[in-house]
Structure formats: C-alpha cells, structure tokens
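**Q** Please see the structure below; I have some questions.
The values are calculated or read from the model by the stated rules, or taken from the named source; none is laboratory data. None of the values given here were measured: they were computed from a predicted structure. Please note: Cβ atoms are built from the backbone with ideal geometry, for glycine as well, and neighbour counts cover all protein chains shown.
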Amino acid sequence: MDSIDDLQARLGKGGYICDRALATVTFLALKLGRPLFLEGEAGTGKTEIAKAIAAMLGRRLIRLQCYEGLDASTAVYEWNFAAQMIAIRSGDSKADVFSDEYLIARPLLEAMLPQEGGAPVLLIDEIDRTDAPFEAFLLEALSDFQVTIPERGPVTAPQPPIVILTSNRTREVHDALKRRCLYHWVGYPDFDREMEILHARAPEAAKELSQEVVAFVQRLRGEDLFKKPGVAETIDWAKCLLALDVLSLSPEVIADTLGAVLKYQDDIQKLQGSAAKKILDDARAAISA
Ligand SMILES: Nc1ncnc2c1ncn2[C@@H]1O[C@H](COP(=O)(O)OP(=O)(O)OP(=O)(O)O)[C@@H](O)[C@H]1O
Ligand SMILES: [Mg+2]
C-alpha cells in the first residue's frame, strides 16, 4: 500500500467504501503504527473497517468486544482452573499448572502472540461501554504492546498489532487514551457514497430503487428521531424491498417495511400519515433534480 488512493482503492475492491478523510487517517495509522480511534453514529462502518483492513492485508482479525464490567483479566487470559485442579489432584508433581496447556488466551493476549502472516488486526470494539479502570489498563497494554501474566511474567508482541478502537460516544473516552491514537469521526455518508456502499453490499438492487432508498434514508436522518438510521439500515431496507419484489417506493410500501429502518415505535409513529409521503416526494424531487 503506497498511497492513500491505493488504500482507498484496495478497500473498495474488498467492498468497503471510505471517503478521503477516513482513507487518509487509516493510511497514517498503518504507516505510523498508531492505533486508530473511530467514533461515530451507529451503523456507519466503524467495526466493518477493521474487518476490511484485516482482509486486505491478509491478517488475522482479533476482536475484543467491550461491555460493562469487562475487566483486565477476562480481556487478557484465564487459567483453566478445572484442568489445573485435576492435574494437582492426580498428584503429578511434575505438572506445571502454569504452562501453556492450562492457559486460555483472551483477545489481548492473543494479539500479542506471534501470528502466521504477520501482526494481527486487534479490534477493540465499543470501548465506551467499559469503565475508566479498564481504559487505564488498556492504555498501558497499548503503550508497550505488552501484557503481564503474574505467574509467568510479561508477554511482548514480536510485532505491534494494528489496533482499531471504536466508540458510539455514549460517554467520553479518556484523553490519555485518545492521545495515543489517531482520531476520526465517522459520520453518515453523503448521497453518492451511500449509493456506492449500497451497490457494494446489495448489488442486486436496481439503480432506481437504490436511489429512492438512499435519498429517503438521507432525509430521515434530518428528522427529529430518537434513533437515526445508519448505513446498515439502508442496506437492510433495500434487501427487504428486494425480497418483496418492490421496484419503487410508495407510502404503503414504506409503512409496511419501516421496521427495517426505524427501530423505535415512537420514531415509526412519527412517519405515519402524510409524513412519509412528504419525505418521499422530497426524495424523488432531489433525485430528478
Ligand atoms: N463504508 C462502508 N462500506 C461498506 N459497507 C459499509 C460501510 N459502512 C457501513 N457498511 C455496512 O453497514 C454495516 C454496519 O456497519 P458496522 O457494523 O461497521 O457499523 P458500526 O459503525 O460499527 O455500528 P455500531 O456503532 O452500531 O457498532 C456493515 O455490515 C456493512 O455492511
Ligand atoms: Mg460496531
């Protein structure tokens, strides 16, 4: 990968469509070996880019899905207590219960171990769901690409993994962690890019229907909704319409399939009556303009 254009083209070939800004920050993260911190709305391709990069480079993807209560020990490794107990009970005095045999590597340790084909892509997904102590721990692990197993000592990555962190910004992530990373806000794509994404992900959808779907969803995002639809919803909706052999949107079709796009009853209710028709008319006018 010699340039930003080259990276953008290669990701595109793999079905991931990114704009110039995202391609630039990704290029720099890879070139400088810095973690990439992606924040943005739901369903805008944050998780997907880690998969796309791993596929492009032929590297293994290791995913640490964050959640409330995730602690350092579960993220790094666990001992297989049951097997250790059995070894001890059997009275085998030569058994080393802290050997590999009893070690269960979790994503962070896994990412520090040598891999065939080069350093893996480590996806730390939805970091905003964890808490400050875990962030502090992560900061340390990412600063020297090393984790410590008290019974065995430190494990250092032979080659630093490619690290991608994502957040939905349900809370602010600590500055110290952000400082380590290159940062990018992943917003909703514009009409042309969303058309490209839809074409990459649902190539069977005809252009006319795709245009209506994308234009409609783009307008929906401007409405006062509790949860705005992401790109994932655009793709889902197009696939639903295809499954129903719909060739073109109508207020009736929209009412019947809106559950693919909006996931809250209050939001769906807002689109009942004349609202959907008005948005559809606007969308059509914009397409023909
Ligand atoms: N730029 C893109 N190129 C290709 N596909 C995309 C792109 N953005 C989103 N998608 C599609 O949308 C789906 C959802 O994307 P993804 O899961 O990466 O969103 P996310 O930003 O991680 O959302 P969340 O914050 O909810 O986890 C993907 O499976 C992919 O099919
Ligand atoms: Mg995600």
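**Q** When you scan the stretch 230-267, how many residues do you find that are more than 15 Å from Glu208 (Cα to Cα), hydrophobic (A, V, I, L, M, F, W, C), within 26 Å of the chain's Cα centre (by Cα) and not in a loop (DSSP other than H, G, I, E, B)? Break it down stepwise before answering.
**A** Kept after step one, since they are more than 15 Å from Glu208 (Cα to Cα), are these residues of the stretch 230-267: 230-233, 236, 240, 243-244, 251-267.
Filter again for hydrophobic (A, V, I, L, M, F, W, C), leaving 231-232, 240, 243-244, 253-255, 258, 260-262.
From the residues that got through so far, the ones that are within 26 Å of the chain's Cα centre (by Cα) too are 231-232, 240, 258, 260-262.
Remaining after also requiring not in a loop (DSSP other than H, G, I, E, B): 231-232, 240, 258, 260.
Number of matching residues: 5.
**Q** Among the β-branched types (Val, Ile, Thr), touching an Asp or Glu at 6+ places or on another chain (Cβ under 7 Å) and within 28 Å of Asp131 (Cα to Cα), is that true of Thr234? Reasoning before the result, please.
**A** On the way: among the β-branched types (Val, Ile, Thr): yes; touching an Asp or Glu at 6+ places or on another chain (Cβ under 7 Å): yes; within 28 Å of Asp131 (Cα to Cα): no.
No.
**Q** Ok, one more. Of all residues in the stretch 47-91, which are of a type in the set (D, E, K, R), surrounded by 17 or more Cβ atoms within 10 Å (Cβ to Cβ) and more than 16 Å from ligand 2 (Cβ to nearest atom)?
**A** Hits for the stretch 47-91 are Arg59, Arg60.
**Q** When you go through Leu220, Leu209 one by one, which is the residue that is surrounded by 16 or more Cβ atoms within 10 Å (Cβ to Cβ), within 25 Å of Glu126 (Cβ to Cβ) and aliphatic (A, V, I, L, M)? Show your work before the answer.
**A** On the way: Leu209 fails: within 25 Å of Glu126 (Cβ to Cβ).
It is Leu220.
**Q** Being within 21 Å of Pro150 (Cα to Cα) and without any contact (Cβ under 8 Å) to a residue 40 or more places away in the chain is the requirement here; does Ala82 meet it? Let's see the steps before the verdict.
**A** Details: within 21 Å of Pro150 (Cα to Cα): yes; without any contact (Cβ under 8 Å) to a residue 40 or more places away in the chain: yes.
Yes; evaluated as a whole, the condition is true for this residue.
**Q** Just give me the residues in the stretch 28-46 being surrounded by fewer than 18 Cβ atoms within 10 Å (Cβ to Cβ) and near ligand 1 (Cβ under 8 Å from one of its atoms), in sequence order.
**A** Ala42
**Q** Can I ask one more? Limited to the stretch 132-188, what total is found for residues that are within 16 Å of ligand 1 (Cβ to nearest atom) and aromatic (Phe, Trp, Tyr)?
**A** Count: 3.
**Q** Within the stretch 13-27, restricting attention to residues that are surrounded by 16 or more Cβ atoms within 10 Å (Cβ to Cβ) and either within 16 Å of Lys51 (Cα to Cα) or outside the structural domain of Arg180 (by TED's automatic domain parsing) (or both), which residue is farthest from ligand 2 (Cβ to nearest atom)?
**A** Restricting to residues being surrounded by 16 or more Cβ atoms within 10 Å (Cβ to Cβ) and either within 16 Å of Lys51 (Cα to Cα) or outside the structural domain of Arg180 (by TED's automatic domain parsing) (or both), the top hit is Phe27.
**Q** Being within 16 Å of ligand 1 (Cβ to nearest atom) and β-branched (Val, Ile, Thr) narrows it down to one of Thr74, Thr24, so name that one. First the steps, then the outcome.
**A** Numbers: Thr74 fails: within 16 Å of ligand 1 (Cβ to nearest atom).
Of Thr74, Thr24, the one residue that is within 16 Å of ligand 1 (Cβ to nearest atom) and β-branched (Val, Ile, Thr) is Thr24.
**Q** Kindly provide the set of residues from the stretch 225-259 that are over 23 Å from His199 (Cβ atoms) and in contact with a Lys or Arg (Cβ under 8 Å, 6 or more places away or on another chain), ordered by number.
**A** Of everything in the stretch 225-259, those that are over 23 Å from His199 (Cβ atoms) and in contact with a Lys or Arg (Cβ under 8 Å, 6 or more places away or on another chain) turn out to be Leu225, Lys227, Pro251.
Residue by residue, here is whether (1) over 20 Å from Arg63 (Cβ atoms); (2) not aromatic (Phe, Trp, Tyr) holds:
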position: Thr166; (1), (2): no, yes
position: Asp175; (1), (2): yes, yes
position: Arg179; (1), (2): yes, yes
position: His184; (1), (2): no, yes
position: Tyr188; (1), (2): yes, no
position: Leu198; (1), (2): yes, yes
position: Ala205; (1), (2): yes, yes
position: Glu208; (1), (2): yes, yes
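**Q** If I filter the stretch 167-220 down to residues being hydroxyl-bearing (Ser, Thr, Tyr) and within 16 Å of ligand 2 (Cβ to nearest atom), which single residue comes out as farthest from Leu32 (Cα to Cα)?
**A** Going residue by residue through the stretch 167-220, those that are hydroxyl-bearing (Ser, Thr, Tyr) are 167, 170, 183, 188, 210.
Within this subset, residues satisfying the condition of being within 16 Å of ligand 2 (Cβ to nearest atom) are 167, 170, 188.
Details: Ser167: 22, Thr170: 29, Tyr188: 27 Å.
The extreme case among them is Thr170.
**Q** Moving on to the next point. State all residues of the stretch 268-289 that are of a type outside the set (A, V, I, L, M, F, W, C) and assigned to a loop (DSSP other than H, G, I, E, B); if no residue qualifies, say none.
**A** Gln272, Gly273
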